[in-house]
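Comments concern the structure below.
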Amino acid sequence: MVSLCDMELDRVGIIKNIDANSDMKRRFMDIGIVPGVRIIRVLEDYGKSISAYNIMDSLIAIRNKDSRRILVSYE
Amino acid sequence: MNNYNIILAGNPNVGKSTIFNLLTGYRQHTGNWAGKTVDNASGEYTYNKNKYVIYDLPGMYSLVPHSKEEVIARDMVCNNNDIDCIVVVCNAVSLKRGLNLVLQILEVNSNVLLVVNLMDEAKKRGIEIDLRKLSSILGINVVGTSATYNDGIDKLVDGIEYVCKNKNNSSYSLTYDNDIEDNINNIYKYIGDVDKKRWISIRLLCRDIDIYDKYKNKVLDNYLNRVGNIEDRICSCIINRCHDIYKMCVINRYNKYLNRDKKLDKIITSKFWGIIIMILSLFLLFWLTIVGSNYPSILLSRFLFGIEDNLYNILSFLPNMIRNILVHGVYKTTAWVVSVMLPPMMIFFPLFTILEDMGFLPRIAFNMDNMFSKCDACGKQCLTMCMGIGCNAVGVTGTRIIDNKKERIIAILTNSFMPCNGRYPVIIAVISMFIINYSRGVISSLLISLVLVFVILFSVAITFVVSKILSRLLFKKDKTSFILELPDYRKIRIGHVIVSSLLDRTLFVLGRAVMVAAPCGLVLYLFTNISINGSNIITFLSDKLDLFGCLLGLDGVILLSFLLGLPANEIVLPIILMIYLNTGILTDYDSLVSLKNILISNGWTIITAINFIIFSIFHFPCGTTLLTIKKETNSYFYTFIAFIIPLFIGIILCLIINFLYNCFI
């Protein structure tokens with residue numbers, strides 16, 4: 001398993017676990033980040049501090065320091 | 001005739017505002033980035049002799065609120081029995097995520113009409129949606145629209161009428177796994193037979209504090225503690241159900257985000273091109289505004305000042321004093337503000353709307369987030385800063401897209417560092433008189449834009465430093481998180497650009513500016529025409545301020561003009577001229593050359609020019625912006641801070657520059 005922010009670009013991952021405080025966790029879940037869902041890391045900024053993910057057919061950017069708490073495994 | 005209340009809900013950036021506009025005919029600004037609706041707008045329309053009042057809620061991803069605005073939105077959906085129909089808007093391209101909200105809303109209220117918007121966009125991407133099937137699964141009416149092109153609006157109006165007249169009682173009800181269902185049933189015992197008890201039980205299991213406060217008792221407490229927090233499992237059930245429904249109703253041929261979008265994204269977010277594209281577009285934006293607004297500005301001021309005498313003659317039935325006050329005071333000041341502000345706004349706002357419409361701005365926020373997060377600020381702040389370049393009051397209102405309170409306050413307090421529309425024309429004039437020799441050629445206008453970009457980059461640097469300091473001083477332990485949606489690139493709709501930028505922004509800002517300029521003109525006129533001990537109030541005050549002004553490398557007249565220019569920054573230079581020339585009325589300049597001569601003969605040097613530019617950027621926000629800050633933060637403290645910080649920075653910077661200049665040169 002890897003952290004979401006450490007995923008290789010353009011590879012499909014399955015969300016396994018979210019370890020964040022309840023408010024942040026709920027925000028993640030609202031945009032579809034719940035265990036079992038497919039997610040692809042598609043973009044990274046040049047400062048390598050934020051990444052954009054394709055989840056539930058939309059493109060969402062999350063800071064790496066936040067997405068570090070989400071664990072995924074490759075499909 | 002019946003009255004019906006409708007609310008419009010949906011994820012951010014699904015076209016709710018566009019639908020709202022089409023229904024009501026009221027133009028609310030819409031743009032291609034999440035969180036555009038910053039106020040609960042309401043409007044009304046009449047259909048088949050019934051009146052429909054419609055409320056546009058800010059975008060939300062779920063019924064769990066994370067900000068002040070979302071609490072209001074949630075309460076409207078959940079606790080308002082006067083609502084006859086909830087129109088939930090989904091984006092056909094990302095229907096799956098929209099369904100998440102639909103299922104949650106159906107748990108509290110079954111009078112729902114589902115609108116699947118942007119059907120045309122989905123079709124282009126090879127996504128086919130079986131609306132009939134979706135409707136039969138959810139047990140509610142479903143309407144497909146392409147809001148941008150008016151398709152399906154008739155069906156939408158009919159659909160709303162249907163839901164309002166025939167209350168829906170048999171919509172889809174989500175079934176959770178057995179364990180969760182048992183828990184929901186058990187909680188009924190503790191809360192009694194209340195309205196919406198299923199939803200309340202689910203919220204209690206998710207440990208929703210607002211709901212919990214209403215029903216808390218010891219036995220319930222014990223029960224909830226025994227169960228633990230099962231919000232994850234509840235959310236997973238909903239999301240899984242969304243996937244199931246999606247599979248049943250949608251055929252997605254490509255199943256990926258468009259190759260074209262992806263290529264563009266890779267370029268725009270790359271290290272080399274990302275920065276170049278960003279700076280170039282900023283540069284182009286200013287250059288076009290500067291070059292383009294020069295000529296219309298001259299024409300407009302000629303016209304407006306040309307009719308001043310006619311106006312004076314027409315009003316001959318009034319006593320002379322009142323006529324002077326009205327024409328040479330109120331009219332002249334207002335005409336000045338209009339002729340200086342209108343042309344650049346008419347160029348800047350449409351260009352800005354184009355960038356916004358294309359979906360380019362959220363990508364800039366993405367690129368900039370690293371720098372902003374290092375200063376404990378939010379990447380979205382660069383968007384509100386860009387809006388601030390148009391108008392600081394607009395920028396301050398725009399900070400509502402930032403959902404973290406700390407980052408939002410920081411964005412509000414530092415917004416006035418961006419030289420707004422009322423200031424950069426003056427800054428440009430000073431640059432072209434004292435720094436770059438303006439000879440109307442393309443090269444000199446390019447150089448001026450370059451200097452202006454440099455000035456703005458300097459303000460950005462100061463914004464970073466101040467953001468960092470503020471976050472350390474004001475909010476010590478507040479953690480921030482940040483989720484930014486990058487919407488699909490969309491084609492520019494010229495009609496939309498013109499209508500929204502001209503009607504919504506230009507006229508809005510101009511209207512407010514006129515409202516402050518007119519009374520200000522009155523005060524100015526009285527100040528210059530009432531004398532104390534043989535000299536008028538203005539001369540008296542500027543003499544008092546002169547010593548301090550000289551210490552800053554400016555003079556008393558300039559300082560007084562900034563103070564009197566509190567209602568609107570654009571009248572600072574005219575006030576300066578008025579005092580220098582002792583004309584008693586705001587004074588126009590024929591050309592930059594004559595203006596330069598006037599300034600030089602009143603002691604201006606290159607250092608006065610530089611300090612004037614610095615003080616233009618760093619003094620206090622204008623009256624309108626201060627009012628907006630008070631309204632947004634609901635705090636006199638923050639309004640005061642917003643007033644004092646730029647003033648302090650401006651004074652310090654001017655003192656240092658003046659000191660260094662006198663020491664070494």
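Does segment B:3-165 classify as rounded, prolate or oblate by the C-alpha gyration tensor (a ≥ b ≥ c root eigenvalues; a/c under 1.5 gives rounded; else a/b over b/c gives prolate, otherwise oblate)?
Verdict is rounded for segment B:3-165.
D for chain A, whole µm²/s, Stokes-Einstein with Kirkwood Rh over alpha-carbon pairs at 20 °C and 1.002 mPa s: what number?
After rounding, the answer is 180 µm²/s.
Which ³J(HN,Hα) values in Hz, rounded to whole numbers, follow from the phi angles of segment B:650-665 under the Karplus curve 6.51 cos²θ - 1.76 cosθ + 1.60, where θ = phi - 60° and Gly and Pro get x?
For segment B:650-665, the Karplus-derived couplings read x, 4, 4, 4, 5, 4, 4, 4, 5, 5, 4, 4, 5, 6, 9, 10 Hz, x marking Gly and Pro.
How big is the dipole moment of segment B:149-253 about its Cα centre under a simple scheme where the beta carbon of each Lys and Arg is +1, that of each Asp and Glu is -1, and everything else is neutral? Debye, nearest 20, please.
200 debye
Antiparallel as a % of all DSSP beta bridges within chain B, to the nearest 5?
Roughly 40 percent of the beta bridges in chain B run antiparallel, per DSSP.
Lysine pairs in segment B:178-252 with alpha-carbon atoms under 18 Å apart, 8 or more places apart or on different chains: how many are there?
Step by step, the pairs that qualify in segment B:178-252 add up to 8.
Can you work out the Karplus-derived ³J(HN,Hα) for every residue in segment A:3-19? Use 6.51 cos²θ - 1.76 cosθ + 1.60 with θ = phi - 60°, whole Hz, and x for glycine or proline.
For segment A:3-19, the Karplus curve yields 6, 3, 6, 9, 4, 5, 5, 6, 9, 8, x, 10, 5, 10, 8, 10, 10 Hz.
For the Cα atoms of chain B, what angle does the longest principal axis make with the long axis of helix B:507-529, in degrees from 0 to 90, nearest 10?
Relative to chain B, helix B:507-529 is tipped by roughly 30 degrees.
Which angle from 0 to 90°, rounded to the nearest 10, does the C-alpha axis of helix B:405-414 make with the longest principal axis of chain B?
20 degrees
Please find the FRET efficiency linking B:Thr175 to B:Ile276, where r is the Cβ-Cβ separation and R0 is fixed at 51 Å, and quote it to the nearest 0.05.
FRET efficiency, B:Thr175 to B:Ile276: 0.40.
Given Cβ point charges of +1 (Lys, Arg) and -1 (Asp, Glu) and nothing else, what value in debye, to the nearest 20, does the dipole of segment A:2-74 about its Cα centre take?
Magnitude of the dipole: close to 200 debye.
At 222 nm, what value in deg cm²/dmol follows for the protein assembly as shown if DSSP H runs of at least 4 each add -39500 (n - 2.57) and the sum is divided by all its residues, to the nearest 500?
It lands at -18500 deg cm²/dmol.
Using the Cα centre of the protein assembly as shown as the reference point, and only Cβ charges (+1 on K/R, -1 on D/E), how large is the resulting charge dipole? Debye, rounded to the nearest 20.
For this selection, approximately 1040 debye.
List the residues, sorted by chain then number, that are 5 or more residues from B:Gly10 or on another chain and whose placed amide H is less than 5 Å from its amide H.
It is B:Met60, B:Val89, by chain and number.
Taking the dipole about the Cα centre of the protein assembly as shown, with the C-beta of Lys and Arg at +1 and of Asp and Glu at -1, give me whichever of B:Leu559, B:Ser501, B:Leu361 is farthest to the positive side.
Of the candidates, B:Leu361 comes out farthest on the positive side.
Would you mind giving the mean number of other chain beta-carbons within 10 Å of the Cβ of each residue in B:379-385, as a whole number?
Mean shielding by partner chains, rounded to a whole number: 1.
Using only atoms on other chains, find how many Cβ atoms lie within 10 Å of each Cβ of peptide A:62-69 and report the average.
That works out to 4 on average.
Based only on the alpha carbon positions, what is the Kirkwood hydrodynamic radius of chain B, in angstrom?
For chain B, inverting the mean 1/r across all distinct Cα pairs yields 27.8 Å.
What would the Debye equation give as log₁₀ I(q)/I(0) for segment B:175-233 at q = 0.18, 0.30 Å⁻¹, counting only Cα atoms as equal point scatterers?
Each listed q maps to, in turn, -0.53, -1.63.
Over what distance in Å are the Cα centres of segment B:196-274 and segment A:21-67 separated?
If you average the Cα positions of each part, the centres end up 13 Å apart.
Output the 0 to 90 degree angle, nearest 10, between the alpha-carbon long axis of helix B:623-633 and the longest principal axis computed from the alpha carbons of chain B.
It is inclined by approximately 30 degrees.
Go through B:181-194, B:542-555 and give me the packing order, highest mean Cβ count within 10 Å leading.
Ranking the peptides B:181-194, B:542-555 by packing returns B:542-555, B:181-194.
Multiply the residue separation of B:Arg132 and B:Arg472 by 0.36 nm, subtract the distance between their alpha-carbon atoms, and state the gained length in nm to one decimal.
Full-extension gain reported as 116.9 nm.
Among the lysines, which have Cα under 20 Å from the Cα of B:Lys262 when same-chain residues fewer than 8 positions away are ignored?
Straight-line reach from B:Lys262, under 20 Å: A:Lys48, B:Lys123, B:Lys124, B:Lys271, B:Lys491.
Using only the alpha carbons of the protein assembly as shown, what is the convex hull's orientation-averaged projected area in square nanometres?
36.9 nm²
Quick one: Cα centre-to-centre distance for segment B:319-334 and segment B:392-462, in angstrom?
The two parts, judged by their Cα centres, are 33 Å apart.
Scan around B:Gly144 for amide H atoms under 5 Å from its own, H built in the peptide plane at 1.01 Å from N, and keep only partners 5 or more places away or cross-chain.
B:Val116
Treating cross-link reach as a plain straight distance, find the aspartates and glutamates whose alpha-carbon is under 20 Å from the alpha-carbon of B:Lys51, omitting any fewer than eight places away in the same chain.
Here the aspartates and glutamates satisfying the reach criterion relative to B:Lys51 are B:Asp82, B:Asp84, B:Asp154, B:Asp158, B:Glu161.
At a Förster distance of 60 Å, what's the computed FRET efficiency of B:Asn662 paired with B:Ser42, Cβ-Cβ distance as r, to 0.05?
0.55
Computed FRET efficiency, Cβ-Cβ of A:Lys16 and B:Asn217, R0 41 Å: what is it to the nearest 0.05?
Between A:Lys16 and B:Asn217 the formula returns 0.65.
Once phi is turned into θ = phi - 60°, what whole-Hz ³J(HN,Hα) does the Karplus curve with 6.51, -1.76 and 1.60 give for every residue of segment B:337-346, x standing for Gly and Pro?
Values per residue, Gly and Pro as x: 4, 5, 6, 7, 8, 4, x, x, 5, 5 Hz.
Residue farthest toward the positive end of the dipole of chain B, with Cβ of Lys/Arg at +1 and Asp/Glu at -1: which of B:Met578, B:Leu484, B:Val516?
About the Cα centre, the residue reaching furthest to the positive side is B:Leu484.
Taken together, the values in this text are just the output of simple stated rules run on the coordinates, not laboratory data. Remember, it's a predicted structure, so these values are computed and weren't measured experimentally. Note that each Cβ is placed from the backbone with ideal geometry, even for glycine, and that neighbours are counted across all protein chains shown.
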